[in-house]
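Colleague: One structure, pasted below without further comment.
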Amino acid sequence: MIRFIASRIGFAALVLIMLSGFVFTLFFVAPGDPARIVAGERATEAQVAQVRENLGLDRPIIEQYFSFVGRSLSGDLGYSYRNQQPVLELIKNRMPATISLCVGAVILWLLMGIPIGIMSARRPGSLVDRLGQGFVLIGVSFPSFVLGMAALYFLYFVPRQAGFTLFPPGGFRPFLPNPGLWAWHLMLPWFTLALTSAAIYARLTRGQLLEVLGEDYIRTARAKGLSERKVVYKHGVRSIFSPLTTQLGADIAALLGGALVTEQVFGLQGIGSLAVQSVQTQDRPVIIGVVMLAGFFIVIANLIVDFLYILLDPRIRT
Amino acid sequence: MTVLSVRNLNIDLPSGDGHVHAARDVSFDVEAEELFGIAGESGSGKSVLSQAIMGLLPGAIISGEILFEGRNLLDLPPREMQRLRGNRIAMISQDPLSSLHPFYTVGAQITEAIRTHRKVSEAEALQEAIDILERVGIHDPDKRVRDYPHQFSGGMRQRVMIAMAIVLRPALLIADEPTTALDVTVQAQIISLLNQMRRELGTAIIMVTHDLELLSSIADHAMVMYAGNRMELGPGEAVLTAPAHPYTLGLLRSSPSHESRGALPSIPGQPPSLLIEQKACAFAPRCAAAMDICRQERAPLRNFADGTRSLCWLEDKASNTAAAVPAIPEEPPVVAQSSDIVVKVSDVRLTYGGRSLFGKSINLEVLKGVSLELPRGKTLGIVGESGCGKSTLARIIAGLLPPTSGDVIIEGQSVLGLDRRDWVEMRKRVQMVFQDPFGSLNPRRRVGSIIGDPFRIQKVAHGAARKNKVRELMEIVGLNPEHYNRFPSEFSGGQRQRIGIARALALNPSIIIFDEPVSALDVSIQAQILNLIARLQRELGLSYLFISHDLAVVRHVSSEILVMKAGQVVERGETETLYHHPQHPYTRELLAAADPHYRKSGGGFADPQSSGAMP
Ligand SMILES: Nc1ncnc2c1ncn2[C@@H]1O[C@H](COP(=O)(O)OP(=O)(O)OP(=O)(O)O)[C@@H](O)[C@H]1O
Ligand code: SF4
Ligand SMILES: [Mg+2]
């Protein structure tokens, strides 16, 4: 097991190194001279050269790469070309919105998807099951931005026309001092981001649980005289944690993509919208910072999922 | 005292295709302390019946009565039934490997059973769990309670299941094929353990099995089921030595008993679909003694002096009626064309090496120097319990796995160090047939194309020619060529094994290695397959290596037997010599395990914990 963990950590490190190399290469092969972009359209050649030297862009590529890695590791991600703010600072400012959005959405989709799936699986073919299946169908048929637009229209625009505010159209409020306000503002984005995944998790939970409930050890549990509730929750649901965890690991990258779209729709000043802005303005240090951070986040999250998986399954643990 | 009394039980299971009539007018009584055996082919409704008694068939339509200690279980409210389950009526199921929850410790699973029915503290329950594990023969139970099921072997898991079932001292224990998945030696230990339980605790045991020999040695009463019908019921001895029903007789005759050699008298055909309500004798299409009336009216119940009851039109016992005994043509003995040796294995060793995390080198010796010779046209049987290296040896001979040292010579040519062309050529000559007829067939491919695989891989015969060859093969192994386009799931276990054999025959091999080809099959189907295998050998002059853990099956087909244990050959010899004069203690143990008379006395096994009183 120690070997497994070590190999996972090694692999994670390798992924990060490759990512840094990839991002760095992207920075160099991309068209356009960074020095000129920073110096501005009307700068003279001499000014551009000066900027290039200031930024260290005239030094050998390998040297630039290592200094880039070294600086990244010490938390220095460079300065934005646009407004000369430290990239780390920019990202930090955007972090609360994105983290609130993502964590909230994950919790929401698990809280919706898993119980719906369990209820469906307990009585396949029943009314509850058919409602659950309907939910799954709607959830997986609409892309999240369509859902977001629909939510905005029906829950913001229509009530607005009628003269009251049911939900705000967007914007981010910090958690403190008023968590209520924070949650109220995030409610629509959360649902938008969570609904599709909730549907997918409901379907996965239903399928996995139905399979588990057909297992011999479930019959053993019933034969012991356990109540049906204990059979389903203690013996059945316990077995589907592992596949759900695996799925969660695989969904983290997709979650960030979804967050990007959702932030745009609801005007949340998060990392997703920072990424979109910096791509539009060709602000390379910011793009690199965001990509590195997202990569780091995905790798770490997957590492956590791997560990969880070991904790959950004694067959791997012992 | 009658513990369980089942009266006119009918069970219908709704399914996608209509109602499955899984039990029809079944009645029987089980007394305290007795062992009641239920036998019958796969799909005859044995498991459905036991689950009905446990109240574990939620969707079923059940009529009749199941009286347990005087109360009709079918009328009990679910809560009451739940209180009985695990407490007064317990169950051990077929497959110990999948019947324990993989994510909870063995201790937690047993204490859960205790605390569901009794108000005791966690610590007290754990102590009880430890005691009961000790009773069923688990060593160091105080440590093992903290282990997970995957850390136990199959036999030990079955002991854990038994421990869990008896910890609350139920009045009735239903054991649904408790030993089918286990090795013969372990089987015998489990049986003697169950026997001991009932004597000491007074528990009545219902034992479901398709192993008739096992029943004949231990059952007080036996019931034989076919297509949901109770075909025969009576004292175990009587039913299994002088069967009244032609079906029982057929089942008994198709088990590879220790006396018979040559072709086994199998029951032809397949059990009927349970979707159709039977109006006549369900067994008529397969019965050698069938008369016109059998196909028109339901059979009457016949009572015999020795207490057996049979659902049949025959007025006398089938075992006394010549007509019920199909004439078995005595096959000419297999004649070897010459004395040449087609497979010669010399001193083959296989070691899996590796390094653990801390650099210690670990060597696992799977084969410790095995030599053998297979003459042309003969069958060499290899027996030994699981894990002794039989299958590994087979894979080495088939050229699928290189040995660490030693040599394998097939028809004068070493299989080691062949170049790719010669290897492919050699693979045509040596074919393998595996145990699991379902697992080794791709469920999504049509049977015709599965059988045609070898042609495709070896690039011989195309299009219509290939199709014709496949049809020919299907005919040779007794499959209907019309079924070319069916999927494996539409075939029964025996038919699937025929598919495997057809595939092996495709490229005209000279040697076939059978790795447990019939262990997953019912006795009657088993006999059909064994007969097919023997016929193909005679007609095609094939040489066989036949691997099995079942000595009776091996004895039936082989001219010479090799006994393996822990990667070594412990004994070899002519089949009859080895059988009647075993030299090695392990051979004797295997023989004992396969012989009902040894099992009956319950002795002869190394079972360290089997003595000592029950709590
Ligand atoms: N839940 C179910 N729904 C519908 N049909 C079922 C169900 N369970 C079993 N059957 C059918 O009932 C019949 C009897 O099955 P059962 O499992 O009792 O056979 P068995 O005698 O125990 O066979 P085996 O020896 O293979 O265990 C089979 O035709 C089976 O397909
Ligand atoms: S009733 Fe007829 S067909 Fe049925 S078992 Fe008896 S003899 Fe055979
Ligand atoms: Mg069964």
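The values are calculated or read from the model by the stated rules, or taken from the named source; none is laboratory data. Here the structure is a predicted model, which means the values were calculated and not measured. Every residue, glycine among them, receives a Cβ derived from its backbone with ideal geometry; neighbour counts consider all protein chains shown. To get the accessible areas, we keep the full protein, side chains included, count just its heavy atoms, and leave off ligands, DNA and RNA. Shrake-Rupley method; radii C 1.70, N 1.55, O 1.52, S 1.80 Å.
Colleague: Hey, what angle do you get for helix B:420-429 against the long axis of chain B, alpha-carbon based, 0 to 90 degrees rounded to 10?
Modeller: 60
Colleague: Scaled to the compact-protein estimate 2.2 N^0.38 Å, what is the alpha-carbon radius of gyration of the range B:438-508, rounded to two decimal places? The partial results should precede the final answer.
Modeller: Details: Rg = 10.8 Å, N = 71, 2.2 N^0.38 = 11.1 Å.
Dividing the Cα Rg of the range B:438-508 by 2.2 N^0.38 Å gives 0.97.
Colleague: Per-residue counts of other Cβ atoms within 10 Å, averaged by peptide: what ranking do you get for B:340-352, B:487-499, B:545-557, highest first? Walk me through the numbers on the way to the answer.
Modeller: Values: B:340-352: 17.2, B:487-499: 19.8, B:545-557: 24.0.
Peptide ranking by packing, descending: B:545-557, B:487-499, B:340-352.
Colleague: In deg cm²/dmol, rounded to 500, what helix-only [θ] at 222 nm does chain A give when every DSSP H run of at least 4 residues adds -39500 (n - 2.57) and the total is split over its residues? Intermediate values should be presented prior to the final figure.
Modeller: On the way: 14 runs with 235 residues, N = 318.
Taken over chain A, the calculation gives -24500 deg cm²/dmol.
Colleague: While we're looking at this one, here's another question. Mind grabbing the interface size between A and B? I mean buried accessible area, both sides, 1.4 Å probe, in Å² to the nearest hundred. Before the final figure, lay out each step's value.
Modeller: Values: alone 17850 and 26800 Å², together 42230 Å².
The contact between B and A buries close to 2400 Å².
Colleague: Further, regarding this structure: Which of the pairs B:378/B:565; B:143/B:368; B:344/B:368; B:428/B:565; A:224/B:279 have their Cα atoms more than 28 Å apart in this structure?
Modeller: Working: B:378/B:565 23 Å; B:143/B:368 33 Å; B:344/B:368 16 Å; B:428/B:565 30 Å; A:224/B:279 39 Å.
Checking Cα-Cα distances, B:143/B:368; B:428/B:565; A:224/B:279 exceed 28 Å.
Colleague: Moving on. If you average the alpha carbon positions of the range A:264-318 and of the range B:110-165, how far apart do those two centres end up, in angstrom?
Modeller: About 46 Å separates the Cα centre of the range A:264-318 from the one of the range B:110-165.
Colleague: Report, largest value first, the span of the C-alpha coordinates of the protein assembly as shown along each principal axis, in whole Å.
Modeller: Over the protein assembly as shown, Cα extents along the principal axes are 114, 72, 60 Å.
Colleague: Could you name the aspartates and glutamates in cross-link range of residue B:467, using Cα to Cα under 15 Å and dropping any fewer than eight places away on the same chain?
Modeller: List returned: B:453, B:475, B:482.
Colleague: Put +1 on the Cβ of every Lys and Arg and -1 on every Asp and Glu Cβ in the range A:223-274; which of A:262, A:273, A:226 then has its Cα farthest towards the positive end of the dipole?
Modeller: Of the options given, the answer is A:226.
Colleague: Using a 1.4 Å probe over the heavy atoms of the protein chains, calculate the carbon and sulfur portion of the accessible area of the range A:2-73 as a whole percent.
Modeller: It is 67 percent, rounded to a whole number.
Colleague: Follow-up. Could you tell me what % of all Cα pairs in the range A:87-317 have separations over 31 Å?
Modeller: Details: 8780 of 26565 pairs.
Looking at the range A:87-317, the distances longer than 31 Å represent 33 percent of pairs.
Colleague: What whole-number value in Å² describes the accessible area per residue of the protein assembly as shown for a 1.4 Å probe?
Modeller: Working: 42230 Å² over 933 residues.
I get 45 Å² per residue for the protein assembly as shown.
Colleague: Counting only protein heavy atoms, what percent of the accessible surface of chain B is carbon or sulfur at a 1.4 Å probe? Kindly include the intermediate steps, with their values, before the conclusion.
Modeller: Values: 12940 of 25580 Å².
The computed percentage sits at 51.
Colleague: Pairing the Cα long axis of helix A:2-29 with the longest principal axis of chain A, what angle in degrees results, from 0 to 90 and rounded to the nearest 10?
Modeller: For A:2-29 against chain A, the angle is about 40 degrees.
Colleague: Taking accessible area as the heavy-atom solvent-accessible surface of the protein chains with a 1.4 Å probe, which residues of the range B:96-119 lose no less than 30 Å² upon going from the isolated chain to the full protein assembly?
Modeller: The answer is B:98, B:99, B:101, B:102, B:103, B:104, B:112, B:116 - residues whose exposure falls by at least 30 Å² when every protein chain is included.
Colleague: Right, here's the next one. Looking only at Cα atoms, what is the convex hull volume of chain B per residue, in Å³? Each step should come with its number before you reach the end.
Modeller: Details: hull volume 109.4 nm³, N = 615.
In chain B, the Cα hull volume divided by residue count equals 178 Å³.
Colleague: What is the Rg over Rh value, at two decimals, for the range A:120-245, using alpha-carbon atoms and the Kirkwood definition of Rh? Don't skip to the end; give the middle numbers.
Modeller: On the way: Rg = 19.7 Å, Rh = 17.3 Å.
Answer for the range A:120-245: 1.14.
Colleague: How large is the translational diffusion coefficient of the range B:95-169 in µm² per second when you combine the Kirkwood radius over alpha carbon pairs with Stokes-Einstein at 25 °C and 0.890 mPa s? Intermediate results must be reported in sequence, preceding the final value.
Modeller: Values: Rh = 11.9 Å.
Rounded to a whole number, D works out at 206 µm²/s.
Colleague: Another question about this same structure. Bin by bin, in steps of 10 Å, what percent of the Cα pairs in the range A:2-73 do you find, going until the bin that has the longest distance?
Modeller: Bins of 10 Å from zero give 17, 36, 25, 12, 7, 2 percent of pairs.
Colleague: Is it possible to state the helix-based mean residue ellipticity at 222 nm for chain B, with each DSSP H run of 4+ residues giving -39500 (n - 2.57), the sum divided by total residues, to the nearest 500 deg cm²/dmol? What is it?
Modeller: Computed ellipticity for chain B at 222 nm equals -9500 deg cm²/dmol.
Colleague: If you line up the long axis of helix A:127-141 against the longest principal axis of chain A, both from Cα atoms, how many degrees apart are they, to the nearest 10?
Modeller: Result, in degrees: 20.
Colleague: I've got another one for you. Calculate what fraction, in whole %, of the accessible area of the range A:110-154 sits on carbon and sulfur atoms when a 1.4 Å probe is rolled over the protein chains. Don't skip to the end; give the middle numbers.
Modeller: Details: 2050 of 2630 Å².
After summing per-atom areas, the C and S share lands at 78 percent.
Colleague: Which value, in debye to the nearest 20, gives the size of the charge dipole of the protein assembly as shown about its Cα centre, when Lys and Arg are +1 and Asp and Glu are -1 at the Cβ?
Modeller: Working: 92 positive and 86 negative charges, 465 e Å.
The dipole of the protein assembly as shown has a size of about 2240 debye.
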